[in-house]
1. Going by the structure shown, is TYR238 of a type in the set (Phe, Trp, Tyr) and more than 22 Å from TYR178 (Cβ to Cβ)?
2. Of the residues that sit in the range 281-338 and are of a type in the set (A, V, I, L, M) and assigned to a strand (DSSP E or B), which one is most open to solvent (accessible area, probe 1.4 Å)?
3. Open to solvent by 20 Å² or more (accessible area, probe 1.4 Å), modelled with pLDDT of 80 or more, touching a helix residue (DSSP H, G or I) at 6+ places or on another chain (Cβ under 9 Å) and of a type in the set (S, T, N, Q), is that true of ASN66?
4. Hey, any hits in the range 129-149 for a residue that's under 21 Å from GLY307 (Cβ atoms) and either acidic (Asp, Glu) or at pLDDT below 85 (or both)?
5. For the range 278-313, give me each residue that is of a type in the set (D, E, K, R) and in contact with a strand residue (DSSP E or B) (Cβ under 9 Å, 6 or more places away or on another chain).
6. Tell me, please, whether a residue that is in contact with a Phe, Trp or Tyr (Cβ under 6 Å, 6 or more places away or on another chain), in contact (Cβ under 8 Å) with a residue 60 or more places away in the chain and within 30 Å of THR251 (Cβ to Cβ) can be found in the range 324-337.
7. Pairs please, first residue from the range 36-52 and more than 13 Å from MET170 (Cα to Cα) and touching a residue at least 60 places away in the same chain (Cβ under 8 Å), second anywhere and part of a loop (DSSP other than H, G, I, E, B) and open to solvent by less than 90 Å² (accessible area, probe 1.4 Å), Cβ atoms under 9 Å, 6+ apart in sequence or on different chains.
8. Just a yes or no: is a residue in the range 268-277 out of contact with any Ser or Thr (no Cβ under 8 Å at 6 or more places or on another chain), acidic (Asp, Glu) and within 30 Å of PRO80 (Cβ to Cβ)?
Amino acid sequence: MVDHLEEEHDEQELFEHIRIVTDKKQSPLRVDKFLMNRVENTSRNRIQNAIDAGSVRVNDNLVKSNYKVKPLDVVTVVFPDPPRDTEVYPENIPLDIIFEDDDVLLVNKTPGMVVHPGFNNYTGTLVNALTYHLNQLPTMPGNTGRPGLVHRIDKDTSGLLVIAKNEWAMTCLAKQFYEHSIARKYVALVWGDIEEDGTITGYIGRELKDRRIMTMYDDPEKGKWSVTHYKVLERLGYVTLIECELETGRTHQIRTHLKSIGHPLFNDAAYGGASIRKGTVFAKYRQFVDNCFSLLPRQALHARSLGFEHPTSKQNVAFEVPLPADFQAALDKWRAYATLKD
């Protein structure tokens, strides 16, 4: 039997899942040495960190470094997996740092800031800023391009991101993201009056006619499984303020899910929310909505809270940040309008 090596990449959660089925003639070999032989662009330290973090399993059982693989064993490992595409140059860009210790840093990302360098965005990104502010951040195997990142949020989404400051923290956080144990809650303003709390599920994949956006599929071959729980926070007539809790973290997950149930994010141009979806036909109402769009020139989505197990203390920690000024201004305007309408 030939070894099978599979990698799973998600564009929102930056980890690498490797699955290896050993050959039927595999001789006994320590699992750490086995992985060193099988996994490219890695190090003994990276593998040992993964084992210590409980990210290495054989036949779905946790193992230690001295476990000896046998014929037809199924070996799986989860690594942090920052892409390897560009060289990052440090830039002195102010950051809103919510918390920092030796292992992690929590940043409240401003709307409009790209998280990492990529096509047409090689400067001015969060990673450029981190490279300047965290010049002690080690260069780890495969870490070129996105130092410390284990997840990301869209350019025009504001809110919390956790940054790993060392390889151990990256390994532990990547494992938690992979296992969906990270607690993430977003606040969103959506078109329409959502009748009740609920859960949206389905397979998310690229839209065939426009590869820049995502869409929902019934076929697991066309996308990745996704789950978003939502609850109503405030009803404002033609729009609703809701909280979304992510169980998975797919690219554009909240934006795609809310569009699929007919409640796209307010002013989300890519997903149908940048035109009037509910309301009156009067010119004054159109002007009111345009004024709201001007106050909030992006999708109304904010990553408000983030909770996880700290890599070193093993204590559960949680952080929360308020709405940014643009979101708050548009929300206040809708509240005033809803009061007048009533």
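The values are calculated or read from the model by the stated rules, or taken from the named source; none is laboratory data. Just so it is clear, the structure is predicted and the values come from calculations on it, not from any experiment. Note that each Cβ is placed from the backbone with ideal geometry, even for glycine, and that neighbours are counted across all protein chains shown. Protein only, heavy atoms only, side chains kept; ligands, DNA and RNA dropped before computing areas. Shrake-Rupley method; radii C 1.70, N 1.55, O 1.52, S 1.80 Å.
1. yes
2. Of all residues in the range 281-338, those of a type in the set (A, V, I, L, M) come to 281, 283, 289, 295-296, 300-301, 303, 306, 317-318, 321, 323, 325, 329-331, 336, 338.
Adding the requirement that they be assigned to a strand (DSSP E or B) leaves 301, 303, 306, 317-318.
On the way: LEU301: 8, ALA303: 5, LEU306: 6, VAL317: 39, ALA318: 84 Å².
Per the criteria, the residue is ALA318.
3. yes
4. yes
5. If we filter the range 278-313 for residues that are of a type in the set (D, E, K, R), which is where we start, we get 278, 284, 286, 290, 298, 304, 309.
LYS278, ARG298, ARG304, GLU309 - these are the residues of the range 278-313 that are of a type in the set (D, E, K, R) and in contact with a strand residue (DSSP E or B) (Cβ under 9 Å, 6 or more places away or on another chain).
6. No - not one qualifying residue is present in the range 324-337.
7. Listed pairs, sorted by first residue: ASN41/PRO141; ASN41/GLY142; THR42/PRO141; THR42/GLY142; SER43/MET140; SER43/PRO141.
8. yes
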